[in-house]
Amino acid sequence: MSEIEREAMEYDVVIVGAGPAGLSAAIRLKQNDPDLEVVVLEKGSEVGAHILSGAVLDPCGLDKLIPDWKEKGAPLNTPVKEDNFYMLGEGGEIRVPNWPMPPLMNNHGNYIVSMGNVCRWMAEQAEALGVEIFPGMACSELVYGDNGEVRGVVAGVFGLEEDGSYGPNTEPGMELHGKYVFLSEGVRGSLAKEVIAKYDLQKGHQPQKFGIGMKEIWEIDPAKHKEGTVTHTMGWPLGSKAGGGSFVYHLENNQVYVGFVVHLNYKNPHLYPYMEFQRFKHHPMIAELLKGGKRVAYGARAISEGGFQSMPKMVAPGVALLGCSVGMVNVPRIKGNHNAMLSGIAAADAATAALKDGRAADELSAYEEEVRKGAIGKDLKKVRNVKPMWSKWGLLPSLALGGLDMWTNTLGFSLFGTLGHGKTDAEATEPADKHKPIDYPKPDGKLSFDRLTNVSFAMTNHEESQPCHLRLKDASVPVSVNLPKYDEPAQRYCPAGVYEVVQEEGSEPRFVINFQNCVHCKTCDIKDPSQNINWVTPQGGDGPNYPNM
């Protein structure tokens with residue numbers, strides 16, 4: 001919107017997103033050169049408000065960034081003491097022994113953490129070094145220079161009219177210009193998506209793959225709590241319907257993280273990921289743990305799962321993609337925060353060297369080289385075939401062959417080369433008439449809950465008069481295409497109940513978007529089979545407000 005006049009501020013580096021990648025970059029930049037002008041823009045109401053992660057943290061990234069993090073009071077309070085893997089059936093479970101697993105699967109030396117609290121602490125470290133951090137500042141547009149380079153961002157637009165136009169009470173925001181711009185928005189960020197498309201950064205790489213991760217925090221009976229225990233499960237209730245599994249992490253204060261991940265390349269549009277999560281909690285092993293407890297928080301977020309072969313080109317003129325904007329999750333380890341931190345460090349080192357040489361607004365090729373050939377690339381390359389094996393051959397074959405492949409990769413070779421992913425998750429969705437509807441039990445209100453009740457525990461909020469941030473490319477597609485062909489899966493894949501098909505007697509079906517419920521997971525942008533939904537950032541401060549997720 002070039003006709004809008006805005007004030008502009010100049011920085012050396014502009015960072016979008018105060019997650020582990022963005023904050024690591026900011027800290028490293030100021031460590032390298034205290035005179036650099038660095039700003040971090042965060043769309044959440046505060047740093048950590050939108051952070052949702054497992055999380056068992058491998059501290060290798062933090063070790064490199066702030067070696068004395070223990071002395072400085074980093075909130076890594078719960079070391080992992082016990083590691084459990086189970087294969088679930090509907091009525092029981094089989095313990096998978098730890099000894100056959102490759103060393104990379106060992107959680108010894110890792111910590112159960114709230115990544116929201118870790119990021120809050122990292123923000124304090126960054127500000128102590130002189131980094132400017134502005135929460136509640138959503139970045140809604142990129143600013144391009146005369147030669148097509150990314151020059152900055154537009155942030156802080158408030159008060160748009162409901163149709164998206166500028167009205168008398170609209171605050172136009174401001175432009176923040178940088179010699180380099182780092183995008184660390186997390187999975188499927190709107191600006192990173194624009195950059196990937198504009199500069200064709202995915203060319204030559206496999207399509208990115210995703211999962212939807214849902215998580216609750218429970219306070220449980222102290223007699224059942226085992227601080228430092230990490231449990232992962234596979235099998236029931238998903239079975240052969242979809243890939244995925246669960247995690248149960250015992251942190252301090254008699255709390256546990258209970259989470260469930262569903263890979264989004266499932267074929268059956270009748271699948272209801274949220275209800276699979278709720279059903280999972282009725283497994284005897286989980287139900288006994290949670291019985292008498294209280295759920296205190298809920299959230300959901302998409303997870304990048306494509307791994308090594310799906311990472312796009314990470315740099316374009318003036319801009320670099322960091323962390324989950326690239327996709328750096330180690331799928332079998334269910335860990336990506338350590339790689340996000342390492343990516344922030346690598347980007348900062350590359351930018352510091354470039355700025356020292358008098359460069360600006362070019363491609364930070366040294367950053368990409370470090371990611372692909374350094375610690376991040378080595379971490380992801382060892383496990384690159386686990387996800388495609390699971391997608392192609394199912395749970396049990398991939399468990400055996402994936403384990404073998406991780407072992408041989410640990411030794412420096414693979415019997416399988418590098419497998420491809422094939423279709424995008426949207427393209428994997430098949431017509432509804434090829435599959436049977438799935439009957440899900442009604443939530444009991446004790447262990448399992450309906451979606452809207454749970455969403456209230458995400459404390460999400462959106463100003464209702466603003467434009468809907470879930471944009472339909474063609475408003476007719478949900479009813480004219482998706483409903484007859486796919487039974488409109490948006491009704492089920494959204495973990496927050498945003499989308500409804502309302503059918504009133506004597507009227508045509510209507511597609512309703514309750515955008516106020518949105519928890520910013522981005523699943524709709526990924527899984528919609530017609531690729532008709534475009535998630536864009538709402539105004540700053542809106543969305544979930546996760547406490548200690």
Do we have Asn84 as open to solvent by 20 Å² or more (accessible area, probe 1.4 Å) and among the polar types (S, T, N, Q) here?
no
List pairs: first residue in the stretch 80-109 and assigned to a loop (DSSP other than H, G, I, E, B), second residue basic (Lys, Arg) anywhere in the structure, Cβ distance under 9 angstrom, at least six positions apart or on different chains.
Lys81/Lys226; Pro102/Lys382; Asn107/Arg333
Pairing a residue in the stretch 453-464 that is closer than 12 Å to Cys518 by Cα with any residue that is aliphatic (A, V, I, L, M) and open to solvent by less than 70 Å² (accessible area, probe 1.4 Å), where Cβ atoms lie under 8 Å and the two sit 6 or more apart in sequence or on different chains, gives Val455/Ala496; Val455/Val519; Ala458/Ala297; Ala458/Ala300; Ala458/Ala496; Ala458/Val519; Thr460/Ala496; Thr460/Val519
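For the stretch 441-508, which helices (runs of 4 or more DSSP H) that fit wholly inside it have 3 or more residues that are open to solvent by 20 Å² or more (accessible area, probe 1.4 Å) and modelled with pLDDT of 95 or more? It would help to see each step written out before you state the result.
Details: elements: 451-455, 483-486, 490-493.
Ranges flagged: 451-455, 483-486.
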Can you pull out the residues in the stretch 114-132 that are surrounded by fewer than 22 Cβ atoms within 10 Å (Cβ to Cβ) and in contact (Cβ under 8 Å) with a residue 60 or more places away in the chain?
Asn117, Arg120, Gln125, Leu129, Gly130, Glu132
Return the only residue of Tyr180, Tyr166, Tyr111 being over 20 Å from Asn545 (Cα atoms), open to solvent by 40 Å² or more (accessible area, probe 1.4 Å) and aromatic (Phe, Trp, Tyr).
Tyr166
Filter the stretch 486-497 down to the residues that are out of contact with any helix residue (DSSP H, G or I) (no Cβ under 7 Å at 6 or more places or on another chain) and of a type in the set (D, E, K, R) and list them by number.
Arg492
Members of the stretch 1-25 found to be on the phi < 0 side of the Ramachandran plot, in a loop (DSSP other than H, G, I, E, B) and surrounded by 24 or more Cβ atoms within 10 Å (Cβ to Cβ), listed by number
Ala18, Gly19
Can you find a residue in the stretch 198-209 that is surrounded by fewer than 20 Cβ atoms within 10 Å (Cβ to Cβ), assigned to a helix (DSSP H, G or I) and basic (Lys, Arg)?
yes
Here are Gly327, Gly259, Gly293: which of them is at positive phi, touching a strand residue (DSSP E or B) at 6+ places or on another chain (Cβ under 6 Å) and not aromatic (Phe, Trp, Tyr)?
Gly327
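The values are calculated or read from the model by the stated rules, or taken from the named source; none is laboratory data. Just so we're clear, the structure is a prediction, and the values are computed from it rather than from any experiment. Quick reminder, even Gly has a Cβ in these numbers, built from the backbone with ideal geometry, and neighbours come from all protein chains shown. Quick note on the areas: whole protein, heavy atoms, side chains included, nothing else; ligands and nucleic acids left out. Shrake-Rupley method; radii C 1.70, N 1.55, O 1.52, S 1.80 Å.
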